[in-house]
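One structure is given below, encoded as structure tokens.
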């Protein structure tokens with residue numbers, strides 16, 4: 001246990017309802033493993049909390065013992081901030097409850113819940129809220145960083161649908177944050193990451209969605225990728241909020257609707273979701289098919305839950321991952337040139353470049369209404385390098401960094417903090433732009449000692465905001 005006082009540790013364990021795991025215990029290596037295999041950290045202790053009282057005890061213990069503190073929700077964060085070396089990890093894998101009130105259209109969510117957990121409960125009542133595109137992602141980390149998905153154009157970001165949060169602060173206090181209670185903290189939680197406390201319950205606004213939506217994929221030859229992307233960027237300018245279309249360049253997975261000879265070959269993919277009247281949706285998506293002659297498509301009515309899981313096979317745990325990201329207000333020709341160049345030079349068969357579409361309801365909120373400030377961003381590019389062997393590390397990271405560098409001059413201000421890797425601390429201040437000074441001030445009020453620093457960190461300031 002190294003620097004941890006043994007008597008204090010024994011007293012802590014005795015009063016814990018959950019489970020404490022230390023090096024040498026059965027399951028320790030499994031408990032410290034996260035989604036990104038690039039992350040290999042060895043905590044001094046992992047505390048699998050069972051409730052808010054356990055979280056309060058863990059925060060107090062870490063502070064009293066001067067231990068680095070990490071918080072694990074779904075363990076999906078690309079930077080690996082769910083774990084730390086020689087510190088204490090608050091592990092929420094045993095706190096995954098999702099309770100839905102269909103009358104008030106509210107969901108009450110524990111911080112270990114995944115998107116699959118959330119959708120399972122909410123879709124039983126034909127309800128949903130904007131939460132990502134991969135069902136194994138944790139609700140907690142996704143939301144605190146902003147959160148977007150297929151419903152964002154219609155219903156905003158995840159944080160735009162957050163009603164309240166129960167928070168354990170750095171001094172071990174349990175408080176509620178909402179528009180009427182600790183409104184400064186509530187503002188900061190909506191996009192400011194895990195900098196301000198440990199959220200032990202989220203309350204979300206829900207919306208009628210599904211249980212079926214019009215969704216699916218259209219897969220085009222890579223030779224036609226420029227035509228497809230040029231028409232895509234024009235098409236999205238006039239789309240209604242109910243429709244969301246993302247673009248993706250990658251090797252074709254072995255999908256049953258594609259010819260076998262296409263499997264593994266580079267392709268351009270349009271991923272479509274329409275959350276509205278199906279007849280309207282069919283009419284709206286018809287032009288997409290004219291962009292080029294497709295290899296194939298799988299597009300029709302399907303359960304919303306199934307669509308939320310459609311990309312899970314491409315994002316399984318255990319691979320090595322490195323991301324680079326930019327926001328764009330438009331896709332300039334130079335951006336397309338670079339994307340197409342590097343999409344034709346993939347360093348592994350699992351690498352991809354995707355362009356997520358925002359705008360709509362998310363873009364109609366003032367930049368200073370929440371900590372997340374990039375409301376003008378219409379596109380989010382994620383350069384996703386993914387591979388299996390450590391011997392590919394340099395080639396895959398260089399590929400990502402080169403695309404990032406060559407498209408930087410076209411990018412808009414800010415960045416999506418959930419896509420920042422562990423070596424991008426220098427981008428945090430610019431990610432928040434004009435909101436950073438206020439965030440640093442709020443940090444000084446709720447966490448002046450920077451207890452919560454295993455994240456895309458906002459250092460506490462010593463002065464009041466202007």
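The values are calculated or read from the model by the stated rules, or taken from the named source; none is laboratory data. Every value quoted in this text rests on a predicted model; they were computed, and no experiment measured them. For neighbour counting, all protein chains shown are included, and Cβ atoms are generated from backbone atoms with ideal geometry for every residue, glycine included.
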Exercise. Within the set of pairs 6+ apart or on separate chains, which have a first residue in region 361-385 that is outside the structural domain of residue 411 (by TED's automatic domain parsing) and assigned to a loop (DSSP other than H, G, I, E, B), a second that is at pLDDT 95 or above and crowded, with 24+ Cβ neighbours inside 10 Å, and C-beta atoms under 9 Å apart?
Worked result: none
For this session: Would you mind stating whether residue 314 is surrounded by 20 or more Cβ atoms within 10 Å (Cβ to Cβ), in the same structural domain as residue 362 (by TED's automatic domain parsing) and under 26 Å from residue 417 (Cα atoms)?
Result: no
Problem set entry | Complete set of residues in region 387-397 that are surrounded by fewer than 22 Cβ atoms within 10 Å (Cβ to Cβ) and in a strand (DSSP E or B) | none
For this session: Identify the single condition in (1) part of a helix (DSSP H, G or I); (2) more than 23 Å from residue 77 (Cα to Cα); (3) not assigned by TED's automatic domain parsing to the domain that holds residue 343 that residue 407 does not satisfy, given that it satisfies every other one.
Result: (3)
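Inspect all residues belonging to region 416-434 and state whether any of them is more than 20 Å from the chain's Cα centre (by Cα) and not assigned by TED's automatic domain parsing to the domain that holds residue 68.
Checking region 416-434: at least one residue is more than 20 Å from the chain's Cα centre (by Cα) and not assigned by TED's automatic domain parsing to the domain that holds residue 68.
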For this session: Return the only residue of 371, 385 being closer than 25 Å to residue 163 by Cα and in contact with a helix residue (DSSP H, G or I) (Cβ under 7 Å, 6 or more places away or on another chain).
Result: 371
Problem set entry | Lone unmet requirement of (1) at pLDDT 95 or above; (2) out of contact with any helix residue (DSSP H, G or I) (no Cβ under 6 Å at 6 or more places or on another chain); (3) not assigned by TED's automatic domain parsing to the domain that holds residue 56 for residue 133 | (1)
Problem set entry | Condition met for residue 226 (in contact with a strand residue (DSSP E or B) (Cβ under 8 Å, 6 or more places away or on another chain) and modelled with pLDDT of 95 or more) | no
